[in-house]
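Only one structure is covered here, and it is reproduced in the block below.
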Amino acid sequence: MDMRVQIAGVELKNPVVTASGTFGYGQEFTPYGDLKKLGGISVKGLSLKPRKGNPMPRLVETASGMLNAIGIQNVGVEEFLGNKLPKLPWKETAIIANLYASSVEEFGDLAGLFADEEGVALLEVNVSCPNVKAGGSAFGQDPTLIRKVTEMVRSRSKDKPVMVKLSPNVTDITVAARAAEEGGAHAISLINTISGMAVDIRRRRPCLANVVGGLSGPAVKPVALRCVHQACNAVTIPAMGMGGISCAQDALEFILVGAHAIQVGTGNFIRPDFSFRLVDEIEALADELGLSNWDEFRGTLQV
Ligand SMILES: Cc1cc2nc3c(=O)[nH]c(=O)nc-3n(C[C@H](O)[C@H](O)[C@H](O)COP(=O)(O)O)c2cc1C
């Protein structure tokens, strides 16, 4: 099986990418596997200035999933480019910078800082975080804003490929996917977390200080698969699919409905070596299915 995939002009050695916010800045996971084994690493959402994120508690386990309201805690772009990126094996594994900003202009400024960074293969524009007051889902729920943010990022990032990360918290995911395509996105990624909440009946309080958070993990997989299927049918640009992937079969389901690559989020919390193992498990399953490359399988779902 030839495990390579091409997405937005970037070659990944295999379709396994770690999802933003669930794999730190990569380096934290070196005790659990060789980062060079992965197809790509999408680092924690980056903003122009460092952010502390939301007050705690901001993670709670739910049935077959997890709610988080981190609020894009991050070291800021300067620290990332100066001290985190140089430690990553960017020549062997595609590094994806996940961008968060609270205005269209700020997205442009942030994207501009990555335009000449050879260590960053792809920009992933997060217009879908449910846990922040400004930007985030507010952008991702408005197709006009998705298009404007995408256009702005494209205009400032020179030749760097741009992937727009979509929110499932919309009535029609195809409208959002088309808005990203119209704005000039080279790819889309989906899904970000689904807005949800958990409460404690003894304390009569919400479990998260932020009251609401984003649901991820196996519980969201059917929603994610439906979104990826619909989005892939609506646009011609490629997609990275994610949401609840916890075994090789899950990963292949996303590829079958049209995704070029997949991302693993909550799976990294369940087992920190999961993404590394998944590469081998996907290869074994692809062999079992008699595949020799992904083109034979991707998007071949019979409906
Ligand atoms: C703790 C946590 C933090 C996250 N932070 C980000 C983030 O900074 N930027 C982003 O685009 N997505 C973020 N996400 C969303 C994930 O990248 C992914 O889209 C989502 O969790 C669905 O995939 P999963 O079910 O495999 O976790 C975060 C998710 C979790 C669980």
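Nothing in this text is a laboratory measurement; each read-out follows from the coordinates by a stated rule. Since we're looking at a predicted model, the values are computed, not measured. Cβ placement follows ideal geometry from the backbone for every residue including glycine, while neighbour counts extend to all protein chains displayed.
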Order by neighbour count: SER246, SER155, fewest other Cβ atoms within 10 Å first, most last.
-> SER155, SER246
Classify the chain as rounded, prolate or oblate, taking a ≥ b ≥ c as the square roots of the eigenvalues of its Cα gyration tensor: rounded when a/c is under 1.5, otherwise prolate if a/b is larger than b/c and oblate if not.
-> rounded
Determine the gain in length on full extension of the stretch GLU105-THR174; use 0.36 nm per residue of separation and subtract their C-alpha separation, reporting nm with one decimal.
-> 22.3 nm
Counting Lys and Arg as +1 and Asp and Glu as -1, each charge on the Cβ, what is the dipole of the chain about the Cα centre in debye, to the nearest 20?
-> 1220 debye
Using only alpha carbons, build the gyration tensor for the range 185-303 and give me the equivalent ellipsoid semi-axes, biggest first, whole Å.
-> 30, 18, 11
Given the rule -39500 (n - 2.57) for each run of at least 4 DSSP H residues, summed and divided by the residues of the chain, what is its mean residue ellipticity at 222 nm, to the nearest 500 deg cm²/dmol?
-> -8000 deg cm²/dmol
Burial order of peptide ranges 56-64, 90-98, 157-165 (average beta-carbon count within 10 Å, highest first) | 157-165, 90-98, 56-64
Under the classification rounded if a/c is under 1.5, otherwise prolate if a/b is larger than b/c and oblate if not, where does the range 63-184 fall, given a ≥ b ≥ c as square roots of the Cα gyration tensor eigenvalues?
-> oblate
Let me know the charge dipole size of the range 18-86 about its Cα centre in debye, to the nearest 20, where only the beta-carbon of Lys, Arg (+1) and Asp, Glu (-1) is charged.
-> 140 debye
So, relative contact order of the range 5-150 in percent, Cα under 8 Å, 6 or more apart, is 21 percent
Taking square-rooted eigenvalues a ≥ b ≥ c of the alpha carbon gyration tensor, is the range 13-66 rounded, prolate or oblate, where a/c under 1.5 means rounded and, failing that, a/b exceeding b/c means prolate?
-> oblate
